[in-house]
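Structure first, then comments.
The values are calculated or read from the model by the stated rules, or taken from the named source; none is laboratory data. It should be emphasised that the depicted structure is a prediction, and the values quoted were computed from it without experimental measurement. Neighbour counts are summed over all protein chains in view; Cβ atoms, including those assigned to glycine, are modelled from backbone coordinates with ideal geometry. Only protein heavy atoms, including side chains, enter the accessible area calculation; ligands, DNA and RNA are left aside. Shrake-Rupley method; radii C 1.70, N 1.55, O 1.52, S 1.80 Å.
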Number of protein chains: 2
Amino acid sequence: MTIPLGPFAGRTIGELGRELRAGRTTAEELARASLDAVARLDPALNSFVGVDAGGALAAAREADRELAGGADRGPLHGIPVGVKDLVEVAGLPATMGSRHFTGYVPGADAACVTRLREAGAVIVGKTTTHEFAYGPTGDCSANGPSRNPWDPARMSGGSSGGSAAAVAAGLVPLAIGTDTGGSVRIPAALCGVAGFKPAYGAIPAGGVFPLARSFDHVGVLARTAGDCLLAYRPLSGREVGPARRPPRVAWLDPAPLHACDPEVTRVATEAAGAMGKVALPQEVADGLREVYVTVQSAEAADVHAERVARAPELFQPEVLDRLKGAMEVPAWRYVRAVARLPRLAEAAEALFEEHDVLALPTVPLTAPLLGLREVELGGRPVAVRAALLALTSPWNVLGFPALSVPAGAVAGLPVGLQLVCRPGDEDLLAAAAPGAEA
Amino acid sequence: MTIPLGPFAGRTIGELGRELRAGRTTAEELARASLDAVARLDPALNSFVGVDAGGALAAAREADRELAGGADRGPLHGIPVGVKDLVEVAGLPATMGSRHFTGYVPGADAACVTRLREAGAVIVGKTTTHEFAYGPTGDCSANGPSRNPWDPARMSGGSSGGSAAAVAAGLVPLAIGTDTGGSVRIPAALCGVAGFKPAYGAIPAGGVFPLARSFDHVGVLARTAGDCLLAYRPLSGREVGPARRPPRVAWLDPAPLHACDPEVTRVATEAAGAMGKVALPQEVADGLREVYVTVQSAEAADVHAERVARAPELFQPEVLDRLKGAMEVPAWRYVRAVARLPRLAEAAEALFEEHDVLALPTVPLTAPLLGLREVELGGRPVAVRAALLALTSPWNVLGFPALSVPAGAVAGLPVGLQLVCRPGDEDLLAAAAPGAEA
């Protein structure tokens, strides 16, 4: 990394919890450390839109009092958390990354924030999002681009770019993100942290500004897969036990979905250690992309049609252009996309016949430079947005749990390994992560 | 009526069944009477696209043999039936009313045809449909317009115009129709017969060419409400017992849905004999129309997009124009329409708080002249298509059972009374029909 790291770099939530309970630190100290690191280090990253020092310290002191009194809320008790600025936190401005929401202060917590508080987590502040989460690059926001801690001239990825950069830089050990086509996993991969998009609906989306309701997921970013799962449990209210068996992992050939940088593929393949190989038929891969683009465009246009008509000048130009295009998608294509889904899902299910977990790169390339919209891949120019989304969006269409974990680096930039399972197999997913205890 | 009537005019399926079982007639005689009447009388009506004399007589003889042998398949045993030419019957051409299907002969029966055969019915032939069922006027078809037996210069209504005209003229005692926005009830009302569109999905739609899948219903046309219910039972496989109680009928003010000819309203009101009055809030009425138009357009465009692109010249010009318009409906409006539906359904449910059945005119006017596209209503010009659909399409959006029964006449042309209930209250719906046994 080229920038100094914060206090949570290299530390897991599990370790922090043990130190808290051993009396070697306090929630207040952790909150102060986080706030201090944001103040010192974040100007170079822009991962936070704003912090809530008063609220965080008050919550931390309460967490300390509870622990001292023997009331232990579990693994997130006293842990500092960043919350994507698309998610409402009572009393804190929520900009959604857009000038349309300048000055907006929600009066209530999103459902996932309520669950964070119930689990004892300490909300430090709001993290930068691509405007309305409508973009995987993280560099189009009323709050400016979030930058990649590995090279601040490069993208964090998006749309949960601030959450990924903040965790990667050690400013917080945990952050909330949202993921409609890869918005948790893409920045996790580009910034070298873990990001988990659970099954559709597993973490409630109430109080989260919608992008495309059929594919919107709430997820988490942390240093390790294990930390993601620690946070997933209280956020979803679902238990994930120890793996019932060693996970049977198959390498999913990414080629039908998108061309990949061969070095990225090599690093991800080595990290995966898969036993078998499977591939999506080309027409299924094409179908999943077509369904993703059509449904996401239509639903995003529904959310924003009035804003586009009444105050187009408040959008970032690229986001406005994309929304205008989305408004032109004809309804019959949406009808057809929705009708196509069951057969695509059936074809995807078939990949799991002899395996529990599919492994593939999270993103076909490493972090591009900020603002870049075309790169060369496999000797051909490719669109950056489409490339970033190509390997993650199928799992939003299908609603399958998908986890990105750090797999290594290419030319000093992180590579993510993506692991995908069917809903209910989260135990096997967690066990398949490199470094997970067998 | 201005044309001579066929052998089934003024006769119910119940009567025919009693005569069959008493040996006063045979299924073969009934089939021959129907075939003969079609040959003699249908040139003036164009209610049939084609008959299947051989198949009908063979089926009728088999029905006679079974009855003679003591095998009684129930009320439809030996009864001649016309089947809308949008519904596949094995071995008979199915044109869908379109030159796109010239020469097409399906190899299998639609699910509802299978059920008709299992109930012992005798399929006489295929009845004229508006092209692809995409129009309520019944006068745009590759097979020419179906004509109204009460005045052959006037519309039968549509899209199941042939089925309605054939029953009204006494050519068959029963016919199958389909109803996406009123296509069973509108021609039933304009031709002075009964038409029943059951709850969504109650009669399976397999083998029926789709118009707009979310709203497509299979229904029946016959002389009386009782005959419709007789046919509904074997077609749906659902029992409708005697009314659990006297039905509480409310008059539903049609004004929020559309302007009505005051004479039509008067005749329908008198026939309804309703105890109470209810009204849809204007925004709910507007919402139901908007949802109907948007969803129906989008889904119809999905069905026909390739035909519009590759062989537009094969469509009737009006149908082509409408499909081209439907292809322009933006997807975000479809998304919004679908999202709006639960609240509209809730508002519609509220109409039933103190009543079992809603009564309103089926159509706000009597049969217009063939080809007419604008009429005056309440002193203002109104579009004929929109007027015809206005009072029936809300019940397709909601999926509620809706029955049109003859209510009387205005200036020698039939008026329909529409009765609507919630799914499961079909017994009360049947009991609410004028003339039903108490």
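Working only within region B:97-122, note down all residues that are open to solvent by 30 Å² or more (accessible area, probe 1.4 Å) and in a loop (DSSP other than H, G, I, E, B). Let's see the steps before the verdict.
Start the filter on region B:97-122 by keeping residues that are open to solvent by 30 Å² or more (accessible area, probe 1.4 Å), which leaves B:99-105, B:107-109, B:111, B:114-115, B:117-118.
Listed by number, the residues that qualify are B:Thr102, B:Gly103, B:Tyr104, B:Val105, B:Gly107, B:Ala108, B:Asp109.
Regarding region A:258-274, can at least one residue be identified that is over 24 Å from B:Gln296 (Cβ atoms) and within 14 Å of another protein chain (Cβ to nearest Cβ)? Break it down into steps so the answer makes sense when it comes.
At the first step, the residues of region A:258-274 found to be over 24 Å from B:Gln296 (Cβ atoms) are A:258-274.
Right, trim to within 14 Å of another protein chain (Cβ to nearest Cβ) and you get none.
No, region A:258-274 has no match at all.
Would you mind telling me which numbered condition in (1) open to solvent by 10 Å² or more (accessible area, probe 1.4 Å); (2) within 22 Å of A:Leu229 (Cβ to Cβ) A:Arg154 fails?
(2)
Within region A:204-212, can one find any residue that is within 28 Å of A:Glu353 (Cα to Cα) and either outside any loop (DSSP other than H, G, I, E, B) or at pLDDT 95 or above (or both)?
Taking region A:204-212 first, the residues within 28 Å of A:Glu353 (Cα to Cα) are none.
Checked against the condition, which is being within 28 Å of A:Glu353 (Cα to Cα) and either outside any loop (DSSP other than H, G, I, E, B) or at pLDDT 95 or above (or both), region A:204-212 yields no hits at all.
Hey, among the residues in region B:318-334 that are free of Cβ contacts under 8 Å to residues at least 12 places away in the same chain and among the acidic types (Asp, Glu), which one's nearest to A:Gln296 (Cα to Cα)? Working first, answer last.
Taking region B:318-334 as the starting set, the residues that turn out to be free of Cβ contacts under 8 Å to residues at least 12 places away in the same chain are B:321, B:328, B:330, B:332.
Those left that are additionally among the acidic types (Asp, Glu): B:321, B:328.
On the way: B:Asp321: 29, B:Glu328: 18 Å.
Looking at residues that are free of Cβ contacts under 8 Å to residues at least 12 places away in the same chain and among the acidic types (Asp, Glu), I get B:Glu328.
Any idea which of B:Ala205, B:Ala175, B:Ala194, B:Ala188 is open to solvent by 10 Å² or more (accessible area, probe 1.4 Å), within 20 Å of B:Ser236 (Cβ to Cβ) and in contact (Cβ under 8 Å) with a residue 12 or more places away in the chain? First the steps, then the outcome.
Details: B:Ala175 fails: open to solvent by 10 Å² or more (accessible area, probe 1.4 Å); B:Ala194 fails: open to solvent by 10 Å² or more (accessible area, probe 1.4 Å); B:Ala188 fails: open to solvent by 10 Å² or more (accessible area, probe 1.4 Å).
B:Ala205 is the lone residue from the list that is open to solvent by 10 Å² or more (accessible area, probe 1.4 Å), within 20 Å of B:Ser236 (Cβ to Cβ) and in contact (Cβ under 8 Å) with a residue 12 or more places away in the chain.
Yes or no: region A:78-88 includes at least one residue that is among the β-branched types (Val, Ile, Thr) and under 17 Å from A:Thr26 (Cβ atoms).
Just the residues of region A:78-88 that are among the β-branched types (Val, Ile, Thr), to begin with: A:79, A:81, A:83, A:87.
Those left that are additionally under 17 Å from A:Thr26 (Cβ atoms): A:79, A:81.
Checked region A:78-88: at least one residue is among the β-branched types (Val, Ile, Thr) and under 17 Å from A:Thr26 (Cβ atoms).
A:Glu346 - would you say it is charged (D, E, K, R) and within 13 Å of chain B (Cβ to nearest Cβ)?
Numbers: charged (D, E, K, R): yes; within 13 Å of chain B (Cβ to nearest Cβ): no.
So A:Glu346 fails the test.
Cβ-Cβ below 7 Å, separation at least six or inter-chain, first residue in region A:335-355 and of a type outside the set (A, V, I, L, M), second open to solvent by 70 Å² or more (accessible area, probe 1.4 Å): which pairs?
Every condition considered, the pairs that remain are A:Glu354/A:Arg248; A:His355/A:Arg248.
Would you please name the residue that is farthest from B:Ser98 (Cα to Cα), looking only at residues in region B:48-57 that are open to solvent by less than 50 Å² (accessible area, probe 1.4 Å) and in a helix (DSSP H, G or I)?
Residues of region B:48-57 open to solvent by less than 50 Å² (accessible area, probe 1.4 Å): B:48, B:50, B:52-53, B:55-57.
Subsequent filtering for residues that are in a helix (DSSP H, G or I) retains B:53, B:55-57.
Values: B:Ala53: 23, B:Gly55: 24, B:Ala56: 25, B:Leu57: 28 Å.
Residue satisfying both the conditions and the ranking: B:Leu57.
Take the residues in region B:59-76 that are open to solvent by 50 Å² or more (accessible area, probe 1.4 Å) and in a helix (DSSP H, G or I); name whichever of them is farthest from B:Gly103 (Cα to Cα). If you could, list the steps in order and put the result at the bottom.
Of region B:59-76, the ones open to solvent by 50 Å² or more (accessible area, probe 1.4 Å) are B:61-62, B:65, B:68-70, B:72-73, B:75.
With in a helix (DSSP H, G or I) added as a condition, the list becomes B:61-62, B:65, B:68.
On the way: B:Arg61: 29, B:Glu62: 29, B:Arg65: 34, B:Ala68: 38 Å.
Here the residue is B:Ala68.
B:Asp253: open to solvent by less than 10 Å² (accessible area, probe 1.4 Å), away from chain A (no Cβ under 14 Å) and of a type in the set (D, E, K, R), yes or no? Walk me through how you get there before you give the answer.
On the way: open to solvent by less than 10 Å² (accessible area, probe 1.4 Å): no; away from chain A (no Cβ under 14 Å): yes; of a type in the set (D, E, K, R): yes.
Here the answer is no, as B:Asp253 does not meet what is asked.
Going through B:Leu45, B:Leu35, B:Leu16, B:Leu41 one at a time, which residue ends up being aliphatic (A, V, I, L, M), over 21 Å from B:Arg147 (Cα atoms) and buried (at least 16 other Cβ atoms within 10 Å of the Cβ)? Even if it seems obvious, please write down each step before you answer.
Values: B:Leu45 fails: over 21 Å from B:Arg147 (Cα atoms); B:Leu35 fails: over 21 Å from B:Arg147 (Cα atoms); B:Leu41 fails: over 21 Å from B:Arg147 (Cα atoms).
Result: B:Leu16 is the single residue among B:Leu45, B:Leu35, B:Leu16, B:Leu41 that is aliphatic (A, V, I, L, M), over 21 Å from B:Arg147 (Cα atoms) and buried (at least 16 other Cβ atoms within 10 Å of the Cβ).
Residues in region B:274-326 that are crowded, with 18+ Cβ neighbours inside 10 Å, among the small types (Gly, Ala, Ser) and closer than 27 Å to B:Gly138 by Cβ: how many?
The number of residues fulfilling the criteria is 7.
Among (1) surrounded by fewer than 19 Cβ atoms within 10 Å (Cβ to Cβ); (2) over 20 Å from the mean Cα position of the chain (by Cα); (3) more than 30 Å from A:Ala309 (Cα to Cα), which single condition is A:Ala90 missing?
Exception for A:Ala90: condition (3).
Looking only at region B:344-370, count every residue that is open to solvent by 50 Å² or more (accessible area, probe 1.4 Å) and either under 25 Å from the mean Cα position of the chain (by Cα) or among the hydroxyl-bearing types (Ser, Thr, Tyr) (or both) and tell me the total.
2
Any residue in region B:288-313 that is closer than 16 Å to B:Val335 by Cβ and more than 9 Å from every other protein chain (Cβ to nearest Cβ) sitting within a Cβ distance under 9 Å of a residue that is open to solvent by 60 Å² or more (accessible area, probe 1.4 Å) and not basic (Lys, Arg)? List the pairs, counting only those 6 or more apart or interchain.
B:Val291/B:Val338
Given (1) crowded, with 23+ Cβ neighbours inside 10 Å; (2) within 30 Å of B:Pro414 (Cα to Cα); (3) β-branched (Val, Ile, Thr); (4) more than 21 Å from the chain's Cα centre (by Cα), where does B:Val335 come up short, assuming only one miss?
Going through (1) crowded, with 23+ Cβ neighbours inside 10 Å; (2) within 30 Å of B:Pro414 (Cα to Cα); (3) β-branched (Val, Ile, Thr); (4) more than 21 Å from the chain's Cα centre (by Cα) one by one, B:Val335 breaks only (2).
Given the conditions (1) in contact (Cβ under 8 Å) with a residue 12 or more places away in the chain; (2) part of a helix (DSSP H, G or I); (3) of a type outside the set (Val, Ile, Thr), report the number of the one that A:Arg266 does not fulfil.
Only one criterion in (1) in contact (Cβ under 8 Å) with a residue 12 or more places away in the chain; (2) part of a helix (DSSP H, G or I); (3) of a type outside the set (Val, Ile, Thr) is unmet by A:Arg266, namely (1).
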